1. Under a 5 Å amide H to amide H cut-off, with H placed in plane at 1.01 Å, what residues pair with Gly70 once short-range neighbours are removed?
2. Dividing the convex hull volume of the Cα atoms of the chain by its residue count, what figure in Å³ per residue is obtained?
3. Is there a pair in Lys163/Lys185; Lys134/Lys163; Lys48/Lys185; Lys249/Lys312; Lys132/Lys185 whose C-alpha atoms are over 18 Å apart, and which pairs would that be?
4. Quick check for me: using +1 on Lys/Arg Cβ and -1 on Asp/Glu Cβ, what's the dipole size of region 191-325 about its Cα centre, in debye to the nearest 20?
5. For every helix of n ≥ 4 consecutive DSSP H residues, a contribution of -39,500 (n - 2.57) applies; sum these over the chain, divide by its total residues, and give [θ] at 222 nm rounded to the nearest 500 deg cm²/dmol.
6. What size of dipole, in debye to the nearest 20, comes out for the chain about its Cα centre when the only charges are +1 on Lys and Arg C-beta atoms and -1 on Asp and Glu C-beta atoms?
7. What percent antiparallel are the DSSP beta bridges of the chain, to the nearest 5?
8. If you stretched the chain out fully between Arg311 and Ser127, how much longer would it get, using 0.36 nm times the residue separation minus the C-alpha to C-alpha distance?
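Just so it is clear, none of the values below were taken in a lab; they were calculated from the coordinates. These figures come from a predicted structure and were not determined experimentally. For neighbour counting, all protein chains shown are included, and Cβ atoms are generated from backbone atoms with ideal geometry for every residue, glycine included.
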Amino acid sequence: MPSENHPSNARIVVVGSSNTDMIVQIGRIPGIGETVIGGKLHTAGGGKGANQAVAASRAGARVVFVGRVGSDGFGKTMVAGLRRYGINVSYVTRDKRAPTGVAFIIVGSGGENSIAVASGANLRLCSGDVAKAKEVFRQGGILLVQLETPLPPVRAAVTLAAKLGMRVILNPAPAQPLPDTLLRKVDILTPNEYEAELLTGIRVDGEAAAARAADRLRRRGVKTVIVTLGSCGAFVAGDGCRTLAPAFKVRAVDTTAAGDVFNGALAVALAEGRPLLEAVRFGQAAAAISVTRIGAQTSAPSRAEIERFLRKHLLMAPSKNALAP
Ligand code: ATP
Ligand code: RIB
């Protein structure tokens, strides 16, 4: 049932990574061997899995996060933060042997970034962690997974979700080759340009190439492919659509986690039963708001903010950004 904290009936299970992000916002990203001073430090919750969980929860869904953190201060802060966002953290394991993941992120003045991750406990997430959460998979909804953890728990989660009739969204980030046996169980695959290129061998340098890459991935068994193209939008192929959904125009301050916020909000809209293109617009609105703010989880907008943004932008550009009725 929708409630004040969860103004949606969507149920989302996220299996994935969590990191403490150390973000340095600076005039320009240093080259190799170079030192640039004058930056500003922000420390915040991150990690693709946790970011997507927060984005989905902020967009109104009931969210369960399955992941691993260390038995250290960062892990404690991470779990407390996720709980504050209203996320069920009962299936987050405190690992005794590895530290909480940490990401060092440098953000330049145009919002562009460079990220180095020490994965720590994320690399010890295992299929057993997924099996322990079987009960929440049984409750249905959407499974959202990424590739910042080892592949066996990703496979286990996708296989379990498919068996129990959940819809599966795989955000194949960071890029790595994937077997067709896995892709065949994926309902919606959301690569960015680089991930689409690694998975298909097609250099994705625009809409036409994104369309070709999407077609190739669909031939490998994925039902719907959404190739995200940053400020150029997203190419959507599947469920009767084959079109570019242009991005909303905003002034980007930090594009970190744009993809995560897009995936989290997209999952909520799909779990609510919205048509594909409408769900993509909802995800894109959330992502557009997020790039105007610093940080990953800190940049994810609330449902009210997403709805307000959509109302404003639909009025400004009804032909391009029109939602399905
Ligand atoms: P990241 O790795 O930074 O989390 P990503 O590469 O996975 O992101 P993107 O393709 O950059 O994902 O972004 C996902 C969606 O977010 C895009 O399809 C677009 O709608 C929106 N978006 C990203 N960057 C911008 C931007 N600068 N302005 C407006 N919308 C944006
Ligand atoms: O997608 C953004 C995320 O990638 C950051 O929060 C960082 O932790 C890395 O995992």
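1. Placed amide hydrogens put Gly75, Asp95, Thr100, Gly101, Ala121 under 5 Å from Gly70.
2. Given the Cα convex hull of the chain, per-residue volume reads 130 Å³.
3. Lys48/Lys185; Lys132/Lys185
4. 280 debye
5. The helix contribution divided over the chain gives -10500 deg cm²/dmol.
6. Using Cβ point charges on Lys, Arg, Asp and Glu, the chain gives about 700 debye.
7. Percent antiparallel among DSSP bridges in the chain is about 40.
8. The span from Arg311 to Ser127 would gain 62.0 nm if fully extended.
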